[in-house]
Structure formats: structure tokens, C-alpha cells
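Worksheet for the structure shown next.
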Amino acid sequence: EAQVTQNPRYLITVTGKKLTVTCSQNMNHEYMSWYRQDPGLGLRQIYYSMNVEVTDKGDVPEGYKVSRKEKRNFPLILESPSPNQTSLYFCASSYSGALPGEQYFGPGTRLTVT
Amino acid sequence: AQKITQTQPGMFVQEKEAVTLDCTYDTSDQSYGLFWYKQPSSGEMIFLIYQGSYDEQNATEGRYSLNFQKARKSANLVISASQLGDSAMYFCAIKSTGNQFYFGTGTSLTVIP
């Protein structure tokens with residue numbers, strides 16, 4: 001089954017404790033992306049990747065890191081999480097960065113930082 | 001930078017009626033794509049429909065159609081024959097040659113039986 005998977009689905013952590021949210025897709029997609037969703041703000045792009053070893057900042061990259069060592073994986077790293085990073089996070093992928101490029105989303109990761 | 005505006009935080013529609021969800025956008029690019037996504041209460045994001053800026057015809061996918069008015073920079077989603085399962089958040093998004101996606105703040109649709 002074609003899908004984007006994220007792990008963990010739920011995470012409660014404390015300020016400053018490094019964490020990684022994994023994202024994997026099995027569709028051989030070139031373009032991958034991370035979003036955060038906050039009430040009233042919609043989805044905001046954190047980072048995106050056009051292909052292996054190519055990553056770029058989105059609208060809200062501060063406090064996050066990503067890497068794209070393999071085509072299928074695109075982990076999101078929070079080196080020192082803070083409470084303002086409490087949010088719902090989505091990973092998404094699309095066939096390529098060219099249009100149309102509709103994205104397929106993972107199920108989301110709900111992160112709480114206390 | 002691109003921008004998406006969805007001015008309707010919440011909408012109600014009677015079952016079997018049609019409903020239009022508004023979306024306006026701002027971009028200086030000539031080539032761009034417009035997308036609509038649905039987010040039911042279960043939380044997943046579901047792709048509904050796509051319209052390219054050079055497409056001459058309005059996009060349609062089943063009960064979904066996109067009313068694309070390029071000069072007005074609007075890309076409204078029309079859902080015909082609403083069903084209870086259409087109750088969800090709906091997000092409009094734009095992507096241009098800059099490879100970034102920009103989403104609106106969403107419209108919550110409630111279908112009334």
C-alpha cells in the first residue's frame with residue numbers, strides 16, 4: 001500500500017530533550033516536506049526537500065533540522081525543543097517538485113513539549 | 001512570497017445542497033498550482049483537487065469542482081450534493097515555481113442532516 005508513515009504518532013517530552021520524528025514514504029517520491037499545524041494558523045511549511053541531499057527552509061524553520069540521506073526517509077529533528085513547538089506535525093511527499101505535485105500526507109505526530 | 005486567504009472560518013450546509021468554500025490567493029508568479037485538501041476530525045489530510053494556472057478549464061473531481069477565476073485570483077471549491085461525511089476542515093494551498101507550499105487557515109464545514 002502506498003503510504004507516508006510517521007513515528008511516533010504521539011509524543012510528550014520536556015524542554016531541551018532532543019527528539020527525532022521519522023518520516024518514510026514507499027512511493028519513490030522525490031519531494032518531501034514537513035509542516036506544523038496550529039489552531040487558527042493552518043499548515044505552515046517547516047522544511048522541504050527536492051531530492052536526496054537537497055533541503056530548503058520553509059516558512060518556519062527556526063528550531064528544526066532535517067536531513068535527506070535516502071530518498072524514502074526525511075526525519076525532523078528538534079535539537080532543543082521548547083513549549084512553543086507543541087503542535088501537530090505532518091510529513092508529506094509528492095512525485096516531484098514540479099507542478100502539479102499534489103502531496104500525500106502522513107497521519108500526523110502530535111507533539112507536546114512541557 | 002505567496003499567500004492564501006480563506007475568509008470563512010465556519011460554514012453550514014444542508015445535506016444534499018451545494019456549498020462554495022472561498023479561497024483567494026496572492027502571487028506574482030505566472031506558473032502556479034492551487035490545491036484543496038480535506039481534513040476530517042480524524043486528522044488526516046486528504047488531497048481533493050488541483051488547478052494549474054494555465055489550465056483553461058475548471059478542474060472537477062466527482063462532486064468537487066474548482067471555480068477558478070484567474071483575474072480575481074480566486075479558486076473557490078464547490079461541493080455538490082453535500083453528504084454528512086463532507087463535514088471537515090478544508091484547506092486551500094498554492095505552490096509556485098519556488099517549490100514551497102502555502103496553506104490558508106482553513107474553513108470548517110458542517111453538513112446538517
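Using DSSP loop states and a limit of at most 13 other Cβ atoms within 10 Å to flag trypsin sites (Lys or Arg not before Pro), what is the longest stretch of chain A containing no flagged site?
Answer from the scan: A:19-68.
Report the FRET efficiency, 1/(1 + (r/R0)^6), for B:Ala81 and B:Thr5, where r is their Cβ-Cβ distance and R0 is 30 Å, rounded to 0.05.
Result of the calculation: an efficiency of 0.65.
Treating only the Cβ of Lys, Arg, Asp and Glu as charged (+1, +1, -1, -1), what charge dipole size does chain B show about its Cα centre? Round to the nearest 20 debye.
Charge dipole, chain B, about its Cα centre: 160 debye, nearest 20.
Where in segment B:3-82 are there GluC sites (Glu not before Pro) that are in a DSSP coil and have at most 16 other Cβ atoms within 10 angstrom of their Cβ?
Answer by residue number: B:Glu15, B:Glu17, B:Glu44, B:Glu56.
What distance in nm separates the simple spin-label points at A:Asn28 and B:Glu61, each placed 7 Å from Cα in the Cβ direction?
2.3
Counting only residues 5 or more places away or on other chains, whose amide H sits under 5 Å from the amide H of B:Cys23 once H atoms are built in the peptide plane?
B:Ala75, B:Asn76, B:Leu77
Could I have the simple spin-label model distance between B:Ser31 and A:Lys69, label points 7 Å from Cα toward Cβ, reported in nm to one decimal?
In this crude spin-label approximation the distance works out to 3.4 nm.
Rounding to the nearest 20 debye, state how big the charge dipole of the protein assembly as shown is about its Cα centre with +1 on each Lys and Arg Cβ and -1 on each Asp and Glu Cβ.
The calculated dipole for the protein assembly as shown is roughly 540 debye.
In whole Hz, what ³J(HN,Hα) sequence does segment A:87-97 give by Karplus (6.51, -1.76, 1.60; θ = phi - 60°), x for Gly and Pro?
Each residue's phi maps through the Karplus curve to give 5, 9, 10, 10, 9, 9, 9, 9, 3, 8, x Hz.
For segment A:42-114, which GluC sites (Glu not before Pro) are in a loop by DSSP, counting at most 15 other Cβ atoms within 10 Å?
In loop regions of segment A:42-114 (DSSP not H, G, I, E or B), the sparsely surrounded GluC sites (Glu not before Pro) are A:Glu53, A:Glu62, A:Glu70, A:Glu79.
Using the Karplus equation 6.51 cos²θ - 1.76 cosθ + 1.60 (θ = phi - 60°), what ³J(HN,Hα) coupling, rounded to whole Hz, does each residue of segment B:62-76 give in order, writing x for Gly and Pro?
Per residue, the Karplus-derived 3J(HN,Hα) values read x, 7, 9, 9, 10, 8, 9, 10, 4, 5, 8, 6, 10, 9, 7 Hz.
With a cut-off of 8 Å between alpha carbons and a minimum separation of six or more residues, what is the relative contact order of chain A in percent?
So the answer I get is 36 percent.
Quick one: length gained pulling B:Ser42 to B:Arg72 fully straight, 0.36 nm per residue minus the C-alpha distance?
Full extension from B:Ser42 to B:Arg72 adds 7.4 nm.
Using protein heavy atoms only (no ligands, DNA or RNA), what is the total accessible area buried between A and B, 1.4 Å probe, nearest 100 Å²? Walk me through the numbers on the way to the answer.
Numbers: alone 6230 and 6120 Å², together 10630 Å².
What A and B bury together is about 1700 Å².
Run the Debye formula on the Cα coordinates of the protein assembly as shown, all scatterers equal and no solvent, and tell me log10 I(q)/I(0) at q = 0.14 1/Å.
Treating every Cα as an identical point scatterer, log10 I(q)/I(0) equals -0.87.
The values are calculated or read from the model by the stated rules, or taken from the named source; none is laboratory data. Keep in mind the model is a prediction, meaning the values are calculated, not measured. All Cβ positions, glycine included, derive from the backbone under ideal geometry; neighbour counts span all protein chains shown. Protein only, heavy atoms only, side chains kept; ligands, DNA and RNA dropped before computing areas. Shrake-Rupley method; radii C 1.70, N 1.55, O 1.52, S 1.80 Å.
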